[in-house]
Amino acid sequence: MAKEKFDFTNEEMRNAYRHTTSHILAQAVKNLWPEAKLAIGPAIENGFYYDIDLEHKFTDDDLKKIEKEMKKIMKAGLPLERFELPREEALKLMAEKNEDYKVELINDLPEDEVISFYKQGDFVDLCAGPHVEKTSVIKAVKLTSVAGAYWRGDSNNKMLQRIYGTSFPSQEELDQYLAKIEEAKKRDHRKIGKEMDLFAIYEEGPGFPFFLPKGMIIRNELEKFWREEHKKRGYEEIKTPLILNEQLWHTSGHWDNYKDNMYFTKIDDEDYAIKPMNCPGAMLVYKRKMHSYRDFPIRMGELGQVHRHELSGALHGLMRVRTFTQDDAHILMLPEQIKDEIKGVIDFIDYVYSLFGFKYHIELSTRPEEKYIGTLDLWEKATDALREAVEEKGMDYIVNEGDGAFYGPKLDFHLEDSIGRTWQCGTIQLDYMMPERFNLEYIGKDGEKHRPVMIHRVLFGSIERFIGILTEHYAGKFPLWLAPVQVKLLTVTDKFVPYAKEVAEKLEAVGIRVEVDDRNEKIGYKLREARNERVTYIAVIGEREVEANTLSLRHNVQGDIGEMGVEEFKAKLVEDIENKA
RNA sequence: GCUGUUGUAGCUCAGUCGGUAGAGCACUUCCUUGGUAAGGAAGAGGUUCGGCAGUUCAAUCCUGCUCAACAGCUCCA
């Protein structure tokens, strides 16, 4: 690969490039702190890292120092030489260098594995390669952060220091990448949420978000949309309690498999649990009466608020919280209806994601290694049904081994936002176990009792998180139907306030969310504020507009769109909102 | 939960090598009636610097504990 022009779009070459950079990082660290012990240092999606065990705690200044040292190594143009050693000699070499982690790695390599090393200057690292030919191939490097990481990713092991960095064939490309990171920061829903006054999280309730008036508008619009679409597709809506007797959670298997994530409470000395999932409640709803095979499929939707004890370090704005609302549904059905129902949900999810302009991919998550209920036979049946449904839809999917829920396998929908990040949102889970545990029954054509099959599914996943994702996806510039403020009228002077109020009333009369900025401020100032608020349409009202009964309009994405008659504008808004344009 | 960093006015931040704190924006009042990203002036605003202890004549600044946020790990909608 050395001779050809460096192709950074080729994943393999890019990884070799970053991997070499991580070796340079390791060498630089060893030059500065010879007592440092090296663990592993792979290339990752947008760069590389190296895990290092060292008493001294790296600071930001240290990163600069290390970067400088790395640049020296790059400049020196040291060739990377590969060599192999028999196991004993390999162990001896690493033991001599006090590289305990490398010794452990070698010991864990399979018997027949070739043990290879890469050497640059006087630095040697256990490594399978590949690498670029010499250190001077690396042109631009940046160490981005240092953080703790467990040896071998196991929280029982020692915490090492992980230095993250990235590298590119030119400074321009590195700068571009860093600019992209900046863009993502600008879109951070926590920042935009504060600026737009959408939601807030206080110290008094870590992981328990408050929705503010503007945020509630988005939330209510999403829920309204959700209800309309579910009604169209034959769903009924239910609401089940937040707190239910602990016994129920033993029946469902949650107590055995999920109790670490649950909150418990007592009522009159009886043990109760706060629901972490909605299914047991839905089970009780099903069991309230005897069902006939003619009733199926039964589709029960629920915007169900759940509470889960997440680790404090995992909390993140609206994306990871301790209480959230799942746009849940439980579909009870006959075995022969399974595939059609799954396909129906897939179509539903496709419809919803497309509306927001999301692309997505599907992952099939199979039975967990340990924590699961039910028989292997049923797991296989359920997994096959999901697989066949996706395949019959002609959709691609990847398999995610062992990542299923404890009660069944699932199809996960990972959507991609406007700057290329992916989020797991929708999931379809097929469940034979819960109906079994709750002893669900129906009377079949033969007059005998049978057991129905169940689907658990969500489209948004969590309303809170979906709002967070939408905020970043649109950078706060929500589509008209979701925008907290759809139109803001700015008066040039107070002479035009009566006209502005009249226009506002006309728009409000047809349900448009409109605000008037009639403050005694200059138009440029009002405009700046309205833009920062990311309102969809800004209308400036002055002499001209009053004369002609028009509005001078600016759209938050399209920019200046000129003048338009009030009635015409009103009709356009009503139509666009209706079409969710 | 773990490792590291941070925590000062509603927001964004400065500051004190220990002697009881400041800027800009926002807010209030006044002047200004101004056409596409900040017109001017004055004023108010911190139970005093996340909380609790400790060291000290004296702590926002030092020490310990604790809470929260941020980055990453682990986990996950």
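Filter segment A:276-317 down to the residues that are under 21 Å from A:L430 (Cα atoms) and acidic (D, E), then identify the one that is nearest to RNA strand B (Cβ to nearest atom).
Among those that are under 21 Å from A:L430 (Cα atoms) and acidic (D, E), it is A:E302.
Can you name every residue in segment A:497-516 that is surrounded by fewer than 21 Cβ atoms within 10 Å (Cβ to Cβ), within 16 Å of RNA strand B (Cβ to nearest atom), touching a residue at least 12 places away in the same chain (Cβ under 8 Å) and not β-branched (V, I, T)?
Residues satisfying the conditions are A:Y499, A:K501, A:E515.
Given (1) under 24 Å from A:W481 (Cβ atoms); (2) more than 33 Å from the chain's Cα centre (by Cα); (3) surrounded by 15 or more Cβ atoms within 10 Å (Cβ to Cβ), identify the lone condition not met by A:K526.
(1)
All but one of (1) assigned to a strand (DSSP E or B); (2) more than 21 Å from the chain's Cα centre (by Cα) hold for A:V390; state the number of the condition that does not hold.
A:V390 satisfies every listed condition except (1).
Could you tell me whether A:D62 is surrounded by 15 or more Cβ atoms within 10 Å (Cβ to Cβ), acidic (D, E) and within 16 Å of RNA strand B (Cβ to nearest atom)?
It is true that A:D62 is surrounded by 15 or more Cβ atoms within 10 Å (Cβ to Cβ), acidic (D, E) and within 16 Å of RNA strand B (Cβ to nearest atom).
Residue under question is A:D260, and the condition is that it be within 30 Å of A:G374 (Cα to Cα) and at pLDDT below 95; does it hold?
Working: within 30 Å of A:G374 (Cα to Cα): yes; at pLDDT below 95: yes.
So A:D260 fits the description; yes.
Keeping to segment A:318-366, report how many residues are more than 16 Å from RNA strand B (Cβ to nearest atom) and assigned to a strand (DSSP E or B).
So the count comes out to 4.
If you check every pair at least six apart or on different chains, which have Cβ atoms under 6 Å apart with a residue in segment A:544-566 that is more than 19 Å from A:F496 (Cβ to Cβ) and without any contact (Cβ under 8 Å) to a residue 24 or more places away in the chain first and a residue that is of a type in the set (D, E, K, R) and within 10 Å of RNA strand B (Cβ to nearest atom) second?
A:D560/A:R554
Collect the residues in segment A:319-345 that are of a type in the set (K, R) and either in contact with a strand residue (DSSP E or B) (Cβ under 9 Å, 6 or more places away or on another chain) or at positive phi (or both), keeping them in residue-number order.
Quick first cut of segment A:319-345, residues of a type in the set (K, R) only: A:320, A:322, A:339, A:343.
Hit for segment A:319-345 is A:R322, nothing else.
Can you pull out the residues in segment A:409-450 that are surrounded by fewer than 17 Cβ atoms within 10 Å (Cβ to Cβ), assigned to a loop (DSSP other than H, G, I, E, B) and away from RNA strand B (no atom under 13 Å from the Cβ)?
Within segment A:409-450, A:S418, A:I419, A:G420, A:N439, A:E441, A:G444, A:K445, A:D446, A:G447, A:E448 qualify.
Assess whether A:E246 counts as being over 27 Å from the mean Cα position of the chain (by Cα), charged (D, E, K, R) and loosely packed, with under 15 Cβ neighbours inside 10 Å. Show your work before the answer.
On the way: over 27 Å from the mean Cα position of the chain (by Cα): yes; charged (D, E, K, R): yes; loosely packed, with under 15 Cβ neighbours inside 10 Å: no.
Against the criterion (over 27 Å from the mean Cα position of the chain (by Cα), charged (D, E, K, R) and loosely packed, with under 15 Cβ neighbours inside 10 Å), A:E246 does not qualify.
Residues are listed down the side, and each one gets a yes or a no for (1) farther than 26 Å from A:G420 by Cα; (2) crowded, with 19+ Cβ neighbours inside 10 Å:
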position: A:K343; (1), (2): yes, no
position: A:I346; (1), (2): no, yes
position: A:V352; (1), (2): no, yes
position: A:Y372; (1), (2): yes, yes
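Please specify each residue of segment A:201-218 satisfying the condition of being of a type in the set (A, V, I, L, M) and either more than 9 Å from RNA strand B (Cβ to nearest atom) or closer than 16 Å to A:V485 by Cβ (or both).
As a first pass, look at segment A:201-218 and keep what is of a type in the set (A, V, I, L, M): A:201, A:212, A:216-218.
Within segment A:201-218, A:L212, A:M216, A:I217, A:I218 meet the criteria.
What are the pairs with Cβ atoms under 9 angstrom where one residue, in segment A:76-91, is in a strand (DSSP E or B) and the other, located anywhere, is of a type in the set (F, W, Y)? Sequence gap at least six, or different chains.
Between residues of segment A:76-91 that are in a strand (DSSP E or B) and residues that are of a type in the set (F, W, Y), the close pairs are A:E81/A:F117; A:E81/A:Y118; A:R82/A:F117; A:R82/A:Y118; A:F83/A:F117; A:F83/A:Y118; A:E84/A:F117; A:L85/A:F117.
The values are calculated or read from the model by the stated rules, or taken from the named source; none is laboratory data. Computed from a predicted structure; not experimentally measured. Neighbour counts are summed over all protein chains in view; Cβ atoms, including those assigned to glycine, are modelled from backbone coordinates with ideal geometry.
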